[in-house]
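K.L.:
First the structure, which I've put down as structure tokens, then a few questions once you've had a look.
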Amino acid sequence: MSKEDEKGMSLIVKTITRLTVGLILLYGLYIVFHGHGSPGGGFTGGVIIALSFIHLMLAYGKEVAFRKLSEAAASFFVSLGAILFLAIALLGFTGGYFFLNFIPKGEPFRLFSAGIIPLCDIAIGLIVGAGLFAIFVALVSLKLEPERKE
Amino acid sequence: MIVYLLCLVLFCLGLYCILRKRNIIKIIVGVMIAEYAVNLFFILTGYRMRGRSPIFSPDVDITNMVDPLPQALVLTAIVIGLATTALLVAIAMRIYEKYGTFDITKIRELRG
Amino acid sequence: MITASNIIPLFVAIPLAGAFLISLLGKRIKRLPDVLGVSVALILCGLSLLSVRLYSIYGILTYSVGAWKLPIGIGMVLDGLTSFMLVTINLIAFCIVVYSVNYMERYTAKWSFYTLFFLMVGGMNGVVITGDMFNLFVLLEIAAVASYALVAFGTDRHELEAAFKYAIMSTVGSLFILLGIALLYSYTSTLNMADMANILAQKGTGNITLMVSVLFLMGFGLKAALVPFHAWLPDAHPSAPAPISAMLSGVLIKALGIYALCRIFYNVIGLSPTLSSVLMFLGTLSMVVGVLLAIGQWDLKRLLAYHSISQIGYVVLGIGLGTPLGILGGLFHLFNHSVFKSLLFLNSGAVEYSTGTRDLQKMGGLTSRMPVTGTTNLVASMSISGIPPFNGFWSKLIIIIAVVQAGRFGYAFWAVLASLLTLASFMKVMKYAFFGELRENLSRIREAPLFMKLSMGALAFLCVVGGLLLLPGVKEVFLQRATDVLLEGTEYAVIVLKGIK
């Protein structure tokens, strides 16, 4: 066994994680992309995406998870998502109104429909997915060494 | 009517927990309980007898839905609650780091 | 739809854009947060002054977000009170950003300070400009959550303790507000404030309005730190870094607390005589209790924080009185208090920056070493205690005259007494900190850096000329319009709904 394998949880957990984590991520993406046609959306899907990375971290330890999504990248994606969302809102001014749905709505229940709503969902999914992961990392990696009282 | 009163009871339980408990983590749990009581109440204001869930789909006609607006609003309120709780937990952990305790009676350097 | 009303959503969009751009790029480029921060604040300041002008040309402006029809979609309203509050918020925010260019050098993560700061400014602007009940709650929470993080910014043990206390109490306040909004929604089935006021007026008031009033009074009272709900303020405001203290004490409690309180009580629910007397009583109580607690403090920033409670009492007394003169005085005092209280907190920050202490007993003779800080502090102290030519005198005078005209001599007595006690406690500050012998260990201290001096000087200038806002011609444009909005009461609904159609 290599050195890396010793970190994290037991072999059973690692194997199951390896098999499921991709599916969880895909399911999260599915929820994000179909948020306008069925229940779900940016927040729900984003939480599932974040959970897939958290899952990876719990099973394999910090290093493996950070290789997929580092802390700096997570905070970058949060800001990027927020900027995207605001940009979509500001682009509404091209039609005269803040937050105007300026893209043709299309046929209901199709993947490409509902104008800006899927774009907003993607932006929100980025914010929530990366944000929850960043919060989790921040809470977990805080070293707790009680300071002695002077 | 009784469900609304139960919501109120839950809210008061949360407030009791905030005011009476000494452990910081328990206070945060109290805040969450009170928050969910309010959210539950808000959802219930949109309820109607035998209404179906407000999901728009191609094969069902739109009749007798429950009010979807409170659900959308509560989703927003839950997200805000998530942010607040995350911040509170982070502060609580930092407090433990500095003071070495979760007991609020021992964390009282500011007063007067 | 007038093209001029396109300015309205910018008050929320620009600070948020600034915040996220700074967080995206500020880590990599060193000077960017300062440059971007100051320019965003300057743009906001200009836009808010423009909004006053626009209001005087076009009258009330409404905006529907995303072109949804108005009582259903999210509405934004720009009226006299809104533009008054916008000017207050953005003017102070600009001065504070200029100040923090130098002051925040001590902290490592300057970019995250600016991010949180502009989130807070965006939230406050949103609270002021929105015409939708739930939107008000969301933006209020954005501002509040950003302010909890800012109080804990230095992660010192006292800061964390204060932030925790503040966050818990303020969250409970938010829960009361949310409960009130849920009740109002279930009663009126609308969230647009104007529409809500309309329906409330038709349905008449009953037990539910009473319940909602009590919930809002508790919720917004907690945010505004009125006396029974004030316990978090004297901890939270002094613990934060000085620019944040100035922002919290100067603007945040007013935008989230006082503004929301008077908007809802005057324009949506309608002010009943009982509510008016409750507000006056709470105001007087805050005024007296705040100043009594302040006078015994030796920590400079803590003393200032108690004075915030006391001065908020004046504002609430004036607004709660409900007569035209009282409301005018209350709003004028709100503006003045933001100016001189921010200045005082910035001064305390400068003193801490140079000497490293906040304890009055360890200072002395600072004017000789720090002339700008000493002079501006003298101006602000005279202003807050109501010495004639400065702005605090005029607003206090108006409030007291209004109270006497209404025949409430008891309240007038307490107001005068609180003013005298304020004078006494600021004489103590001046005597111990700025006048007298220079201490041995302080003989090497330097004056604050350039940007800090600039910002303090600008605020001191506003203190001196603040009284000019009462001149005929100026008063009609700025103060009188804000007062009129509150005076029209629930007629607000009719006016806004007319603007929508």
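Throughout, read-outs are computed from the coordinates displayed, never taken from laboratory work. Source: prediction; values computed, not measured. Note: ideal-geometry Cβ built from the backbone for every residue, glycine included; neighbour counts use all protein chains shown.
K.L.:
Per residue of C:13-23, how many C-beta atoms from partner chains lie within 10 Å of its own C-beta, taken as a mean? Write out the running numbers ahead of the final one.
P.N.:
Numbers: counts 6, 2, 0, 5, 6, 0, 4, 11, 4, 1, 7.
Partner Cβ neighbours, averaged per residue: 4.
K.L.:
Another question about this same structure. Where does helix B:2-20 land angle-wise versus the long Cα axis of chain B, in degrees 0 to 90, nearest 10?
P.N.:
Between the helix axis and the principal axis of chain B, the angle is about 10 degrees.
K.L.:
Return the calculated 222 nm mean residue ellipticity for chain C, to the nearest 500 deg cm²/dmol, obtained by summing -39500 (n - 2.57) across DSSP H runs with n ≥ 4 and dividing by the residue count.
P.N.:
Value at 222 nm, helices only: -23000 deg cm²/dmol.
K.L.:
Sticking with this one: Mean 1/r over all different Cα pairs, inverted: what Kirkwood radius does segment C:276-470 give, in Å? Don't skip to the end; give the middle numbers.
P.N.:
Values: mean 1/r = 0.0597 Å⁻¹.
Roughly 16.8 Å, rounded to one decimal.
K.L.:
Averaged over A:76-87, how many beta carbons belonging to a partner chain fall within 10 Å of each residue's beta carbon? Let's see the in-between values first.
P.N.:
Details: counts 3, 0, 3, 10, 3, 1, 7, 7, 1, 2, 8, 2.
Rounded to a whole number, the mean comes out at 4.
K.L.:
Between the helical axis of A:11-33 and the dominant principal axis of chain A, each derived from Cα atoms, what acute angle in degrees is found, rounded to the nearest 10?
P.N.:
The two axes meet at around 10 degrees.
K.L.:
Which of C:110/C:254; C:27/C:110; B:21/B:106; C:165/C:254; C:362/C:428; C:396/C:453 have a Cα-Cα distance over 18 Å? Mind showing how you got there, number by number?
P.N.:
Working: C:110/C:254 26 Å; C:27/C:110 9 Å; B:21/B:106 13 Å; C:165/C:254 20 Å; C:362/C:428 13 Å; C:396/C:453 28 Å.
Over 18 Å apart, Cα to Cα: C:110/C:254; C:165/C:254; C:396/C:453.
K.L.:
Give the peptides C:421-427, C:308-314, B:56-62 in descending order of average Cβ contacts within 10 Å, highest first. Write out the running numbers ahead of the final one.
P.N.:
Numbers: C:421-427: 19.4, C:308-314: 27.7, B:56-62: 8.7.
Result, highest mean Cβ count within 10 Å first: C:308-314, C:421-427, B:56-62.
K.L.:
Once phi is turned into ³J(HN,Hα) by the Karplus curve 6.51 cos²θ - 1.76 cosθ + 1.60 with θ = phi - 60°, what whole-Hz value does each residue of segment A:56-71 show in order, with x for glycine and proline?
P.N.:
4, 5, 5, 7, 9, x, 5, 4, 5, 5, 5, 5, 6, 8, 7, 5
K.L.:
I want to check the label-to-label distance for residue C:441 and residue C:480. Put each point 7 Å from Cα in the C-beta direction and report it in nm to one decimal.
P.N.:
Here the answer is 5.7 nm between the modelled labels.
K.L.:
Between segment C:324-343 and segment B:36-80, how many Å separate their Cα centres?
P.N.:
43
K.L.:
In whole Hz, what ³J(HN,Hα) sequence does segment C:487-494 give by Karplus (6.51, -1.76, 1.60; θ = phi - 60°), x for Gly and Pro?
P.N.:
5, 6, x, 6, 4, 3, 4, 4
K.L.:
Using per-residue counts of other Cβ atoms within 10 Å, averaged over each peptide, order C:270-283, C:470-483 from highest down.
P.N.:
Details: C:270-283: 17.7, C:470-483: 15.9.
Final packing ranking: C:270-283, C:470-483.
K.L.:
For residue A:110 and residue B:62, what is the calculated FRET efficiency with R₀ set at 25 Å and r taken between the beta-carbons, to the nearest 0.05? List each step's numbers first, then the result.
P.N.:
Details: r = 19 Å, r/R0 = 0.77.
Once rounded, the FRET efficiency stands at 0.85.
K.L.:
Now for a separate question. Please state, to two decimals, what the Cα-based radius of gyration of segment C:392-470 comes to when divided by 2.2 N^0.38 Å (N = residues). Please list the in-between numbers first.
P.N.:
Working: Rg = 18.1 Å, N = 79, 2.2 N^0.38 = 11.6 Å.
Here the Cα radius of gyration is 1.57 times the empirical estimate.
K.L.:
Can you divide the C-alpha Rg of segment C:113-263 by 2.2 N^0.38 Å and report the result to two decimal places?
P.N.:
Cα-based Rg divided by the globular estimate yields 1.07.
K.L.:
Multiplying the sequence separation of residue C:28 and residue C:189 by 0.36 nm and subtracting their Cα-Cα distance, what value in nm do you get?
P.N.:
Details: separation 161, 0.36 × 161 = 57.96 nm, distance 4.87 nm.
In short, 53.1 nm is gained.
K.L.:
Using amide H atoms built in the peptide plane, which far-off residues or other-chain residues are under 5 Å from residue B:100 H to H?
P.N.:
Correct list: A:147.
K.L.:
With charges set only on the Cβ (+1 for Lys and Arg, -1 for Asp and Glu), what does the dipole of segment C:276-470 come to about its Cα centre, in debye to the nearest 20?
P.N.:
Details: 14 positive and 6 negative charges, 36 e Å.
In total the dipole reaches around 180 debye.
K.L.:
Taking every residue in A:90-102, how many Cβ atoms of other protein chains lie within 10 Å of its Cβ, on average? Present the calculation step by step, with values, prior to reporting the outcome.
P.N.:
On the way: counts 5, 0, 4, 4, 0, 2, 4, 10, 13, 9, 5, 3, 2.
Average per residue, whole number: 5.
K.L.:
Could you work out the equivalent-ellipsoid semi-axes for segment C:232-297, taking the square root of 5 times each eigenvalue of the Cα gyration tensor, largest first, in whole Å? Walk me through the intermediate numbers first.
P.N.:
Details: eigenvalues 141, 61, 8 Å².
Calculated on Cα positions only, the semi-axes equal 27, 18, 6 Å.
K.L.:
If I stretch the segment between residue C:49 and residue C:424 completely, what's the gain in nm (0.36 nm per residue apart, minus their alpha carbon distance), one decimal?
P.N.:
Numbers: separation 375, 0.36 × 375 = 135.00 nm, distance 3.62 nm.
Fully extending the segment from residue C:49 to residue C:424 adds 131.4 nm.
K.L.:
Could you give the nm distance between label points at residue C:205 and residue C:109, where each point is 7 Å from its Cα heading toward the beta carbon?
P.N.:
4.6
K.L.:
Pairs on different chains or at least eight residues apart, Cα atoms closer than 23 Å: how many lysine pairs in segment A:4-140 fit?
P.N.:
Summing the qualifying lysine pairs gives 4.
K.L.:
Starting with the highest mean, order B:14-24, C:333-343 by the number of other Cβ atoms within 10 Å, averaged over the residues of each peptide.
P.N.:
On the way: B:14-24: 15.9, C:333-343: 27.5.
Highest mean packing first, the order is C:333-343, B:14-24.
K.L.:
Sorted from largest down, give the three principal axis spans of the alpha carbons of chain C, whole angstrom values.
P.N.:
71, 59, 44
K.L.:
Same structure again: For segment C:191-326, divide the Cα radius of gyration by the Kirkwood radius and give the resulting Rg/Rh value with two decimals. The partial results should precede the final answer.
P.N.:
Details: Rg = 16.0 Å, Rh = 15.5 Å.
For segment C:191-326, the value is 1.03.
K.L.:
Here is a follow-up. State the volume of the convex hull built on the alpha-carbon positions of segment A:4-140, expressed per residue in Å³ and rounded to an integer. Walk me through the intermediate numbers first.
P.N.:
On the way: hull volume 13.7 nm³, N = 137.
Dividing the Cα hull volume of segment A:4-140 by its residue count gives 100 Å³.
K.L.:
Counting other Cβ atoms within 10 Å of each Cβ, which chymotrypsin sites (Phe, Trp or Tyr not before Pro) in segment A:46-142 have at most 16 and sit in a DSSP loop? Provide the component values of the computation, followed by the final result.
P.N.:
On the way: sites: A:53, A:60, A:66, A:76, A:77, A:85, A:93, A:97, A:98, A:99, A:102, A:109, A:112, A:133, A:136; in loops: A:97, A:98, A:99, A:102, A:109, A:112.
Hits after loop and neighbour filter: A:109, A:112.
K.L.:
Counting other Cβ atoms within 10 Å, which trypsin sites (Lys or Arg not before Pro) in segment B:51-110 have at most 14 and lie in a DSSP loop? List each step's numbers first, then the result.
P.N.:
Working: sites: B:52, B:94, B:98, B:106, B:108; in loops: B:106, B:108.
Taking segment B:51-110 and a limit of 14 other Cβ atoms within 10 Å, the loop trypsin sites (Lys or Arg not before Pro) found are B:106, B:108.
K.L.:
Given H placed on each backbone N at 1.01 Å, which residues far from residue C:387 in sequence or on other chains put an amide H within less than 5 Å of it?
P.N.:
C:393
K.L.:
Grab every C-alpha pair in segment C:303-354, bin the distances at 5 angstrom width from 0 up to the longest one, and report whole percents.
P.N.:
The percentages, shortest bin first, are 5, 21, 24, 19, 13, 9, 5, 3, 1, 0.
K.L.:
Net charge near residue C:448, counting Lys/Arg +1 and Asp/Glu -1 over other residues with Cβ under 14 Å of its Cβ?
P.N.:
Details: positive: C:106, C:369, C:446, C:453; negative: C:105, C:352, C:447.
With Lys, Arg at +1 and Asp, Glu at -1, the neighbours total +1.
K.L.:
Taking Rh as the Kirkwood radius, which is the inverse of the mean 1/r over Cα pairs, what is the Rg/Rh value for the protein assembly as shown? Intermediate results must be reported in sequence, preceding the final value.
P.N.:
Numbers: Rg = 26.2 Å, Rh = 27.1 Å.
Radius of gyration over Kirkwood radius for the protein assembly as shown works out to 0.97.
K.L.:
Taking the convex hull of the alpha carbon atoms in segment B:1-91, what volume per residue do you get, in Å³? Working shown, then result.
P.N.:
On the way: hull volume 8.5 nm³, N = 91.
It comes to 93 Å³ per residue, whole-number rounded.
K.L.:
Based on alpha-carbon atoms only, what is the radius of gyration of segment C:1-133 relative to the globular estimate 2.2 N^0.38 Å? Walk me through the numbers on the way to the answer.
P.N.:
Numbers: Rg = 15.7 Å, N = 133, 2.2 N^0.38 = 14.1 Å.
Against the compact-globule rule of thumb, the ratio is 1.11.
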